[in-house]
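Before any comments, here is the structure.
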Amino acid sequence: MKKDIILAGVGGQGILSVAAVIGLAALDYGLVIKQSEVHGMSQRGGAVISHLRISDKEIYSDLIPEGKADMIISMEPLEALRHISFLKPGGWIISNNKPFVNIPDYPDKNKLYEELNSFPNSLLLNSDELAKKIKAPKSANIILVGAASLYLGIPFENLENGIKQIFGRKGEEVVAINLQALKLGRELAGSSA
Amino acid sequence: MNRKLLLGDEAIAQGAIDAGISGVYAYPGTPSTEIMEYIQKSKFAKEGKIHALWSANEKTAMEAALGMSYAGKRALVCMKHVGLNVAADAFMNSAITGVGGGLVVAVADDPSMHSSQNEQDSRYYGKFAQIIVLEPSNQQEAYEMTLGAFELSEKYGAPVLLRITTRLAHSRNGVDLQERRKPNEISLPEDPMQFVLLPSVAKKRYKILLSLQNEFVRESETSPFNKYFKGTNDKLGIITTGIAFNYLMENLSEGDLTFNVLKIGQYPIPIELVNKIYNDSEEILVLEEGYPLVEEYLRGLIAPSKKIMGRLTGEVPRDGELNPNIVAIALGFKMETSFEPPDFLTNRPPALCPGCGHRDVYKALNEVMENYGKQKVFSDIGCYTLGALPPFNSINSCVDMGASITMAKGAADAGLSPAIAVIGDSTFTHSGITGLLDAVNENSPITVIILDNSTVAMTGGQKASGEGKIPQICKGLGVEPEHVRVVEPLPKNHKLMVEIFKEEIEYKGVSVIVAQRECIQTLTRRKKALIKSKKITVTK
């Protein structure tokens with residue numbers, strides 16, 4: 001079993017908590033992980049990327065080779081496409097469709113959607129709105145994890161354990177809200193599959 | 001066995017804790033910052049058993065670590081690669097004095113310059129100082145090498161350099177931990193003159209260092225971190241250093257390659273092992289994360305009879321970090337990517353945070369500089385370097401910590417008028433103070449704007465050593481008190497800032513404007529913490 005996942009977004013969008021939830025779930029399931037992340041200058045509103053590798057065998061490279069990623073999970077549609085060269089044929093793109101516009105020349109969002117939808121395995125979710133609807137505005141990321149969960153090869157209960165570990169110290173309420181977001185993402189992905 | 005998920009930086013930190021250090025000294029710098037931060041969060045630091053506070057710069061950190069070592073206790077000092085330039089004087093001479101308690105210098109290099117102004121390779125510093133260098137390929141090795149580095153340091157009475165690069169520093173993996181070693185008690189050098197590098201002593205001490213060189217090579221030949229894997233196909237021998245081994249294995253595990261491989265993790269270069277792979281193989285490929293150090297050695301000045309490939313011959317790019325794809329191409333594998341990003345994608349460079357005080361300073365400065373012409377603003381290293389980019393385009397230099405003030409002085413000496421320096425509070429206390437003294441001594445016509453957000457912001461908000469003291473420091477250096485101005489960079493103070501900037505630029509001597517407002521990131525964090533601890537309540 002081996003899953004290579006590119007996590008993409010803008011500095012401050014919380015891709016590291018997505019990496020942590022999936023990473024801890026993988027460990028909980030008895031797998032090994034390597035996860036590289038970006039610290040430093042790019043975190044100031046720049047494009048950021050994290051490589052998350054999950055396997056039942058030793059993982060060597062901290063970086064995923066280009067053309068080999070099983071999945072791109074992106075907090076933002078432009079950032080989903082920026083790292084598209086990592087995706088292998090038939091790989092999944094799971095992305096928030098809400099543009100994060102902090103640059104003057106942000107491309108036409110419909111062109112982005114068109115491009116993303118041209119991939120057979122892409123799922124664009126309005127996760128910001130969905131998160132607001134379930135009164136969990138900070139959990140848009142976790143909805144994406146829920147949507148990705150169908151293709152991660154990690155049992156759902158391990159992902160739930162990952163959420164409990166990450167958010168446990170913030171209190172039961174925060175855990176409950178994120179579990180709900182995870183479930184919602186899973187259901188949405190299930191119904192569109 | 002105790003197993004923890006750790007960043008490469010954290011594995012070094014945990015290794016140092018378990019090696020029984022009594023202190024860690026550092027100045028923040030990507031990608032090394034998390035080493036100190038991890039130790040600061042440990043119970044040993046919290047209970048005061050490990051001294052773990054930031055230093056003013058890498059030189060003061062290196063010297064304090066050497067002082068702790070003099071007193072017989074183990075010390076770790078950490079920095080980014082360019083920080084070692086700042087610490088170089090103390091570092092080079094620590095190889096001559098030797099050490100008491102184990103002394104390990106952990107340096108994180110940044111090939112590809114993700115957050116740096118160059119990609120210098122610290123292994124050359126290790127060779128320059130003629131000491132042992134360790135370079136891990138993964139997090140487990142980062143941990144074990146840190147333990148080993150302290151042992152080697154105490155065995156030979158010499159400092160040890162531990163070199164990592166960005167990808168390992170900021171990548172997580174499971175690490176198996178060992179029992180913590182007992183820290184040392186205080187003990188002083190047997191020879192009271194050991195650390196007195198008067199020429200007569202230095203000559204003796206240098207001979208001692210030279211006499212250790214063969215021992216260091218012998219350690220490399222038998223080191224568990226240097227391994228030769230004899231394959232069945234002698235067509236190619238591959239030498240890897242540090243993290244390059246992982247990229248090689250990533251490619252080998254998918255094919256069935258059986259070439260000879262020499263994995264190097266400890267220097268000086270193991271001469272016998274290198275000779276072995278050279279003699280066993282028809283051609284050699286060198287994969288190094290960094291400069292072609294091993295490759296240059298192999299090639300020498302007189303060409304060897306066998307073909308040697310690497311960064312100098314184009315099989316591997318001359319600059320930048322390695323990755324699995326670069327290594328695959330060097331091995332002659334075909335790399336296929338199925339998708340390319342569409343051409344309408346735009347770049348998203350980092351930018352100053354919304355609400356950041358630097359924005360207000362640059363807005364006012366740009367308005368003032370309209371009257372004085374372009375390219376007269378020297379700047380420095382920090383978040384505010386982003387002011388070089390649109391929409392501000394306010395600054396014209398970023399070279400090394402503190403250079404804004406001294407470059408402005410030099411330009412003023414040349415007759416450039418006005419000459420402005422823009423520098424952050426932490427960069428000022430790191431290396432700007434001495435430059436300002438130069439300017440004061442000559443009453444140079446420069447205007448220094450100190451962006452005082454009371455933190456080391458770019459690296460994540462570490463404690464700034466000049467917090468609350470910047471105007472006093474300037475006055476203490478001899479800047480005329482009426483030309484040390486303090487402003488609060490807020491949009492509502494725009495007009496006032498423009499006026500003050502103009503007045504001080506017109507003054508033909510040293511003037512300092514301290515733009516004081518807390519970093520928006522640390523302010524937000526501080527407020528959240530207060531709300532969480534219920535010290536303040538939020539009304540909706």
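Quick note: the coordinates plus some simple rules give every number you see, no bench work behind them. Because the structure is a prediction, the values reported are computed rather than measured. No Cβ is skipped: glycine too gets one built from the backbone with ideal geometry, and neighbour counts run over all protein chains shown.
Here are the numbers for the structure shown:
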quantity	calculated
Rounded D (µm²/s) - the protein assembly as shown, Kirkwood Rh over Cα pairs, Stokes-Einstein at 4 °C, 1.567 mPa s	47
Reference-scaled alpha-carbon Rg (2.2 N^0.38 Å with N residues) for region B:357-523	0.91
Alpha carbon Rg of region A:30-98, scaled by the compact-globule rule 2.2 N^0.38 Å	1.17
Cleavage-rule hits, GluC sites (Glu not before Pro), region B:186-273, DSSP coil, Cβ neighbours within 10 Å at most 11	B:E190
DSSP beta bridge pairing in chain B, given as percent antiparallel to the nearest 5	15
Ellipticity estimate at 222 nm from DSSP helix runs (n ≥ 4, -39,500 (n - 2.57)) divided over chain A, nearest 500	-12500 deg cm²/dmol
Assigned charges on the beta-carbon of Lys, Arg, Asp, Glu; region B:174-245 dipole about Cα centre (debye)	220
Cα lying deepest toward the dipole's positive end in chain B, options B:S171, B:Q472, B:G100, charges on Cβ	B:Q472
Rg/Rg_ref, region B:1-103, where Rg_ref = 2.2 N^0.38 Å and atoms are Cα	1.02
Ordering of A:140-146, A:12-18, B:298-304, B:409-415 by burial proxy (mean other Cβ atoms within 10 Å per residue, highest first)	A:140-146, A:12-18, B:409-415, B:298-304
Distance histogram in 5 Å bins (all Cα pairs of region A:68-193, percent per bin)	2, 11, 21, 21, 20, 14, 7, 4, 0
DSSP beta bridge pairing in region B:3-211, given as percent antiparallel to the nearest 5	20
Shape parameters for region B:201-262, alpha-carbon atoms, Rg then Dmax in Å	17.5, 57
Share of Cα-Cα pairs in region B:3-211 lying beyond 25 Å, as whole percent	29
For B:D438, net neighbour charge (Lys/Arg +1, Asp/Glu -1) across residues whose Cβ lies under 11 Å away	-1
Per-residue average of Cβ from other chains inside 10 Å of B:29-39	1
Cα centre as origin, Lys/Arg/Asp/Glu Cβ charges: region A:55-193 dipole, Debye	380
For region B:228-330: Kirkwood Rh in Å [reciprocal of mean 1/r, alpha carbons]	13.5
Equivalent ellipsoid semi-axes - Cα gyration tensor, chain B, angstrom	43, 29, 24
Net lengthening on full extension, B:D176/B:K235 (0.36 nm per residue, minus Cα-Cα)	17.6 nm
Student exercise, the protein assembly as shown dipole from Lys, Arg, Asp, Glu Cβ charges, in Debye to nearest 20	1900
Whole-number Å³ per residue for the convex hull built on Cα positions in region B:25-65	56
Net charge of neighbours whose Cβ lies under 13 Å from the Cβ of B:G382, counting Lys and Arg as +1 and Asp and Glu as -1	-3
